[in-house]
Amino acid sequence: MILQDLNRVRQIAVIAARHGFGELTDRAGLWRMLGRKEKVEVSPEAQRASTARRFRMLLNDLGPTFVKLGQILSTRGDLLPAEVIEELAMLQDQVDPIPLEQVHAQIRESLGREVDELFAKIEPVPLAAASIAQVHRAVTLSGEEVAVKVQRPGIAERIDSDLTVLRSLARLLEAVVEETGVYTPTGIVDEFDRAIHEELDFINEASNIRAFLANHTERPYLKIPRVYEELSSRRVLTLEFISGVKISHAQLAKEDRETLARHLLDGSFRQLFEDGLFHGDPHPGNLLVLEGNRLALLDFGVVGRLTKPMQETLVMLCLAVALKDSDSVARLLYRVGVADARANLAGFRNDIEAILGQHLPTTLGEVDAQTLLRDLLDLAVKYRIRIPKEYALLSRASISMEGMLRSLYPEMNILEVALPYAKELLAGRYDPSQLQGGLMRTLLRFQSLATDLPTQLSQILLDLESGKFSVTVRAEQFDRLNENLRSAAVIAFVGLCACGFIVGTFIAFAQKPWMYGNTPVLGIIGVGMSAAFFSAVFTWYLFGGRVRKVSVSRWLKKRR
């Protein structure tokens, strides 16, 4: 690490201690790395707040990179407890706007031309200001109203610097935090790295917008802004300006609310089951109500993509939940996830059955989807099943969408609207006339299996006959035994070395060669080396493998 990074680590450690996370920073060894520990008092606000709220305040105080990290983590209900997710969802980019001169300079540098050669007018006051970019209303030379999204100067370099620090902290956490098997800290940082750089690249967002626009051409009730290619680059994005009212602020009659709710639900299901491309952050600020009961969708920096098999699995999972089929839900979640170790499927199924019994007492229309989804994700974490990020993102989007639907039209029967899409997708799966249908794929796989199976069985029998067949068995007990044997071998080796130095020391004292004054140099060196080796053996015996990692989950439970 360079000096600047070490200063940033010190700043992070101080802020973390101020918010009541000093014990974790001590266990992570941050102060040992920094050389000296600073005395930091926990703030009165942190003393009164819950752990989840203190974590949100910590990220907010650490700056834009950590705020973005928190916002991305808020979409991962499979990573953190529900109360932490709720707090992180409240993180907002509260930053001062950059001056108009810097906006002009960024446009000029990114597009390679003077601002007055590109726009007839740019409003000096931004429509919105966030940590990565801010948006200005503008008019093109041809007189069209547009929204210009301009990236903050130097934000990419600052994020890269913070990512270097985050990676170093992640490696420290992996050494001292117990719960790093399913999601390693370095893996989370790598995923955040990819996500934040996709968001920093406005070309990626423009590509998402074009894909949404193509998918929604035949859906007049949903408006997608058009991209002005000649006025866009990696750091500047110019879009069609859409004038509307945020869906949370719209004053609507009951009939209009029902119409908008049906349009919103129809668009969401078509994104999932037809397009395979869905909006990852459909909160009320990204939805505008237009004239004629139409909706406009904004901000395409975070999107999710579903393959055909993922769509089919999603339908089967929804049907299994609706039918309270805990066995099918358990098998589907286990299949789509990546188990860190062999999971107890029977216990997983029993816990799912309890959750479904709790959340599906009578009809699906009464289900609290938000709590149900979070309980299922928490259960996957409990059984160390890693859920793919697409499903986790879908879970967050579904929770947000359900909240808006309930506020718009609480009387809507979501199951009644959803069933036609499920039937359509399942019918397409088993339609032999559809080359992309699941039936054709299943037949091809069966044909391939029937062709390969005799050869594979023959290979196994030949290996058995010739004695070449081998089976690799891995178990946690074997790994622990191997570790203990390795430790015993190291201790024995170092002990033998220490004994050798003792014998050599006695010989050196007896012969007294290499004298410095009246002091036998070889003897003194032998004594020192023997003491060092004996100290190493004693320390290894007492502490080797006995320093336990800190369990964050137990630490959090003690402080709730």
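Numerical summary
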read-out: Those residues of segment 222-245 which are closer than 15 Å to residue 288 by Cβ and not in a loop (DSSP other than H, G, I, E, B), in sequence order; value: 222, 223, 239, 240, 245
read-out: Qualifying residue in segment 305-317 (condition: buried (at least 16 other Cβ atoms within 10 Å of the Cβ), of a type outside the set (Ser, Thr, Tyr) and assigned to a loop (DSSP other than H, G, I, E, B)); value: yes
read-out: Boolean, residue 139 is touching a residue at least 12 places away in the same chain (Cβ under 8 Å), assigned to a strand (DSSP E or B) and in contact with a Pro (Cβ under 9 Å, 6 or more places away or on another chain); value: no
read-out: Filter pass, residue 160 being free of Cβ contacts under 8 Å to residues at least 60 places away in the same chain, surrounded by fewer than 15 Cβ atoms within 10 Å (Cβ to Cβ) and under 29 Å from the mean Cα position of the chain (by Cα); value: yes
read-out: Test: residue 179 is assigned to a loop (DSSP other than H, G, I, E, B) and either at pLDDT below 90 or of a type in the set (D, E, K, R) (or both); value: yes
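The values are calculated or read from the model by the stated rules, or taken from the named source; none is laboratory data. The model shown is predicted, which means the values in this text are computed figures rather than measured ones. Neighbour counts run over all protein chains shown; Cβ positions are idealised from the backbone, glycine included.
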